[in-house]
Amino acid sequence: MNEKPDLHKVLFLSCSMVTVLSVIVIVGYILFAAAPVLGREGLGFIFGSTWDYGSHQFGIWSFIVSTLMVTVATIVLAVPLGLATALFLSEWAPPWLDRVLSTLIELLVGIPSVVYGIFGFFVLRSYFSDFINPFIGNTLGFIPLFRYDNNNGIGFPLAATVLAIMILPTIVALSREAMRGVPAELREGSAALGATQWETIRHLVLPASLSGIITGLILGIMRAMGETMAVAMLMGNVSSTPTSFFNLGEPMTAKILLDIGYYVVEPEGRSALFAIGAVLMIMEIGFVVAIHIISDRLKKRLEGAI
């Protein structure tokens, strides 16, 4: 007697295969479209600083530096604030305050990136120009990376701040849920052994919820690296390698956005823009791998400290 096929299994398998196939097709097409320019330029495409369609020279080093600088600045701002917020909501906030703050934070997810860009350009820019940038420059100006020049508020500090606000909901929501997933019995056992609340958080809650926290960090960082509209509006879009945190810059995503309408019809220009996307994709994969390596070592250290 022939067994009937498990329709539920077939359905869910089909859905998973569609997802996997979509990823393969997208990645494959990006690499295929980028191959002509990547094959011709080689490492010069990464380390070159000249981008000129007329002379057929394509180097993206300045775009890479701008992308890394704004991403690192965003991480420095968003990760401590996001984790501290998640800890407060999970461990200390009363239920009514948790509901109110969680709802407000989650509302940030629904705001379009162009609205964030408009908010940064028309509202925050003057504060950065008049107060924040001069303060940072006067305080840390002895470091070449923070050498201050007046750029009217546009640049890395403003863009990183807006990006940090954009990725906060992802970091906070996933980290909070991971922390809440730690069983109450374990917390009670830790308290019964004489541990303070902070010791319980440090030695129990954080190691047990580290996987969820890392997932939130990865998703937040990937959004920061892949964000387009906001950084295109707030970075100044100057195609030169930044040497200071207050220089103007042009991240890789902004370069693709600003040029795609003019050069996508040209085979060479289209290939060059797809090559930027391919390099950005490889960079994001590298970030994910690095974060996993760091998290594994951190988890071992936290577990060893118990």
ask   = Taking springs between alpha-carbon atoms closer than 10 angstrom, which of Glu185, Glu250, Glu266 fluctuates most in the Gaussian network model of the chain?
value = Glu185
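Using the Cα centre as the reference, give the magnitude of the dipole from point charges on the C-beta atoms of the range 241-306 (Lys, Arg: +1; Asp, Glu: -1; all else neutral), rounded to the nearest 20 debye.
Charge dipole, the range 241-306, about its Cα centre: 440 debye, nearest 20.
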inquiry  = When only alpha-carbon atoms are used, what values of Rg and Dmax, in angstrom, describe the range 22-80?
reply    = 15.1, 45
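If I stretch the segment between Leu7 and Lys299 completely, what's the gain in nm (0.36 nm per residue apart, minus their alpha carbon distance), one decimal?
Numbers: separation 292, 0.36 × 292 = 105.12 nm, distance 4.07 nm.
Once the chain is fully extended between Leu7 and Lys299, it gains 101.0 nm.
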request  = Sort the following peptides by mean Cβ neighbour count (other Cβ atoms within 10 Å, averaged over residues), highest first: 59-65, 9-15.
outcome  = 59-65, 9-15
remark   = Whole-Hz Karplus couplings 3J(HN,Hα) for the range 70-86, θ = phi - 60° and coefficients 6.51, -1.76, 1.60, Gly and Pro as x, run 6, 5, 4, 4, 5, 4, 4, 7, 7, 5, x, 5, x, 5, 5, 5, 4
query = Between Ile293, Ile214, Ile118, which gets the highest mean-square fluctuation from a Gaussian network model of the chain, Cα cutoff 10 Å?
reply = Ile293
inquiry  = Can you compute the charge dipole magnitude of the chain about its Cα centre, using +1 on each Lys and Arg Cβ and -1 on each Asp and Glu Cβ, nothing else charged? Give it in debye, rounded to the nearest 20.
reply    = 320
Among Gly181, Gly194, Gly286, residue whose mean-square fluctuation peaks in a GNM of the chain (springs only between Cα atoms under 10 Å) = Gly194
query = Heavy-atom accessible area of Tyr116 with all protein chains present, probe 1.4 Å, nearest 10 Å²?
reply = 10
request  = Hey, for a label at Gln197 modelled as a point 7 Å past Cα toward Cβ, could you say which residues of the range 86-124 have their backbone N under 17 Å away?
outcome  = 86-99
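Mind ranking His8, His56 by accessible surface for me, highest first, 1.4 Å probe?
Output order, biggest surface exposure first: His8, His56.
Would you mind computing the Rg to Rh ratio of the range 1-99 from its alpha-carbon coordinates, Kirkwood style for Rh?
Numbers: Rg = 24.3 Å, Rh = 19.3 Å.
Taking Rh as the inverse mean 1/r over Cα pairs, Rg/Rh reads 1.26.
Could you order Met17, Met252, Met222 so the one with the most accessible surface comes first? Probe is 1.4 Å.
Descending order: Met17, Met222, Met252.
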request  = Keeping every protein chain in place, order Thr103, Thr74 by accessible area at 1.4 Å, biggest value first, i.e. largest first.
outcome  = Thr103, Thr74
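Dipole magnitude of the range 1-96 about its Cα centre, charges +1 at Lys/Arg Cβ and -1 at Asp/Glu Cβ only, in debye to the nearest 20?
On the way: 3 positive and 5 negative charges, 25 e Å.
The dipole magnitude comes to about 120 debye.
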Surrounding net charge for Phe88, when Lys and Arg each add one and Asp and Glu each subtract one, Cβ distance under 11 Å = -1
inquiry  = At 222 nm, what value in deg cm²/dmol follows for the chain if DSSP H runs of at least 4 each add -39500 (n - 2.57) and the sum is divided by all its residues, to the nearest 500?
reply    = -22000 deg cm²/dmol
ask   = What whole-number value in Å² describes the accessible area per residue of the chain for a 1.4 Å probe?
value = 54
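From the Cα gyration tensor of the range 165-306, with a ≥ b ≥ c the square roots of its eigenvalues, which class applies: rounded if a/c is under 1.5, or else prolate if a/b is larger than b/c, or else oblate?
Prolate shape, in that a/c is at least 1.5 and a/b is the bigger ratio.
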task = Indicate the gyration tensor shape class of the range 235-306 (rounded, prolate or oblate), computed on the Cα atoms with a ≥ b ≥ c the square roots of the eigenvalues: a/c under 1.5 is rounded; otherwise a/b larger than b/c is prolate and the rest oblate.
result = oblate
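The values are calculated or read from the model by the stated rules, or taken from the named source; none is laboratory data. Note that the structure is predicted; figures quoted are calculated from it, not measured. Cβ atoms come from the backbone with ideal geometry, glycine included; neighbour counts cover every protein chain shown. In case anyone asks, the SASA skips ligands and DNA or RNA and just uses the protein heavy atoms, side chains included. Shrake-Rupley method; radii C 1.70, N 1.55, O 1.52, S 1.80 Å.
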